[in-house]
C-alpha cells in the first residue's frame, strides 16, 4: 500500500481528475495548500506597498492505492498536471502502514478498495 | 437667431404676464421649482446608489479571484461616465441639432440656458429637456447617472476576462458617443421622438443600449476558459458570494424607485405614486415567475435566477411604467421573469458567455419592455401619468407598436455597428482579453496585483 501525495497547479485539478478516472482511480482527497519550489513567487501591491508573495496557491491531492495502481496513478497525475513550465508541481510516494475503513472495520488492501 | 429668440421670449413674457419670467429675474425660486429640484436630485442619488448595486451583484456572481477587478471596474465606470458625459455626452444628447445628434452647446455644458424656465419661456440650446422646471445642473446630474448605468451594464457581460484598460477606454466611448446619440434620438428631440417613439425611463435608451454594446463585447472576447467542455456543452461557473449578489439586487431595486418615478423630473404626486407601484409590481411578479420557471425547468429554485428575475422585471417596466395600468405591469413582470430564465439558457447555448446574466436582464428585457409600451399603453393613464396620449396594441393602438419596433431596430443597428467598430479598434490596439495564464490565476493578481480576500483560503481550481 502506498500513499501518493501530489502538489499541482489548482487549475489543473480537473484535468488530473479526468486522467485518474480514465485509469479507474476514483478515490482521492483534495485540500488547498500553499507552497513554493523552484517557481519564484510574484509581487502584490497593497496601497502602494510591495508584498512579495513567496508561497503560491497549490492543490494537494492524497490518494491511497494498492501496489498495482501506483504507476497508473502517477502517470495520470503527470498527464493531467504537466504543462512543461516551472510550477507544475511534485509527486511524493510514501509507504502506507495501515488503512482502515471506518464503516466496516475492514483493514489493509480491502479497505483501500 | 439668439436675438430673435430673446425677442420672441420677451413678447411672450408680455403676453403671459410676469409668471413666465419669475424664475428668471433673480428672485427666490418658486415652491414648485424647489420641490421638483429636490425630487430630481433625490431620485438621482438613488440611481447613483445603483452603482453599488451593480458592483455587488457582478462581483458576487463572479469568482473570488476576479473580485477586485470587478469592483474596480464598477468604481471607475462611474467616474469615466461623469467626465465623458460632462465633456461631450450631454451636448450630443440634449443640445439642439438635427434628428441624429445635438450640435449646440456641445462641450462642458457651455450652451446658453435659462433653466428652470420651461416651455416657451425657455431660452437656450437644450430645448429638448425644457419641459422640466429644474436648474440645468439638476437635469445634468439626473441624466448623468442614467448614462453611468448604461455604461456599467457592459461590465458584467465582459467580466472575468477583459483587460482593465480596454474596459476603461470602452466606457469613455459609451459615455461620450454611444449612449448620447441614441439618447438624442429618443430624449433629445431626435428622429425617434418626432416619430412618436416613447421610452419613459430608458428600457431602450439605457438598458438595451448597454445590452447591445455588452453583447458585442462578449462575442468579441469569447467565452471564459472552462465555460464550455470539450463536448461543447456549457458548464456552470458558480459565483463566489450570493450574499453580495442579493445585497446588490436589493440596492438596485431601491435605486429603481429613483430611476422610474424620478424620470417624471417633477414632484407630480399622482404620477410618481403610480410609477412607484407599477415598478414594484413588475419586479415582484418577475421574481415569482423567474423562480417558478427555474424551479420547473431546472429542478430547483435558483437564487441567481430569482435575482435576475427581479432585475428583469424592473428593466421591462422601465419604458412603460408611466403609460400602463398596475394590472398590466403585473403581466409585464410575469413575462419578464420567464424571459430572463429562457434567455440565460439561450445565450449559454449560443456560446456567448455572460457571467452575470447582463444580456438576459438588460438586453432581452430592455427590448421587451420597449415593445410593452406598444402593447399595454392606455390612453388615459399615459396622458395623466406620462403626459402623452398613446395606446398600445391591446388597447387599440397598432401604430404605436410599429413605432416601438422601429425604435428597437434602429437603436440595435446603431449600437451594434458603432460598438463593434469600437471593440474592433480596441482589439487591434490595446487588445481586449488578458492572457490565458492571467485568466486562470485571476485578474485580481494579473491586473491589480492584489486579492479581495487576502488571508482566506479559496479554491481557485476553476
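For the reader, a short list of remarks on this structure follows.
- Alpha carbon centroid spacing (whole Å) that separates region B:423-442 from region B:297-340: 34 Å
- Compared with the alpha-carbon gap, the fully stretched path from residue B:35 to residue B:233 is longer by 65.7 nm at 0.36 nm per residue.
- Estimated inter-spin distance, residue B:409 and residue A:98, nm [label 7 Å along Cα→Cβ]: 8.0 nm
- Residue order, fewest to most surrounding Cβ atoms within 10 angstrom, among B:212, B:253, B:107: B:107, B:253, B:212
- Inter-site label distance for residue A:22 and residue B:429 at 7 Å from Cα along Cβ, in nm: 4.5 nm
- Volume in Å³ per residue [convex hull over Cα atoms, computed for the protein assembly as shown]: 172 Å³
- Computed from Cα atoms, the angle from the helix B:365-376 axis to the main principal axis of chain B rounds to 40 degrees.
- Amide N proximity, region B:60-99 versus residue B:120 label position 7 Å along Cα-to-Cβ, cut-off under 18 Å: none
- Helix-only arithmetic for the protein assembly as shown: the sum of -39500 (n - 2.57) across DSSP H runs with n ≥ 4, divided by the residue total, places the mean residue ellipticity at 222 nm at -16500 deg cm²/dmol.
- Here each label is just a point 7 Å from Cα along the line to Cβ, and for residue B:394 and residue A:107 those points are 7.5 nm apart.
- Spread of Cα-to-Cα distances over 5 Å intervals beginning at zero, given as percent, for region B:308-402: 3, 17, 24, 20, 15, 11, 7, 4, 1, 0
- Using distinct alpha-carbon pairs, which all enter the 1/r mean, Kirkwood radius of chain B in Å: 22.4 Å
- Between residue B:103 and residue B:303, the contour length at 0.36 nm per residue exceeds the alpha carbon distance by 67.3 nm.
Laboratory data are not the source of any read-out in this text; all were calculated from the coordinates shown. Everything numeric in this text was worked out from a predicted model, so none of it was measured. Every residue, glycine among them, receives a Cβ derived from its backbone with ideal geometry; neighbour counts consider all protein chains shown.
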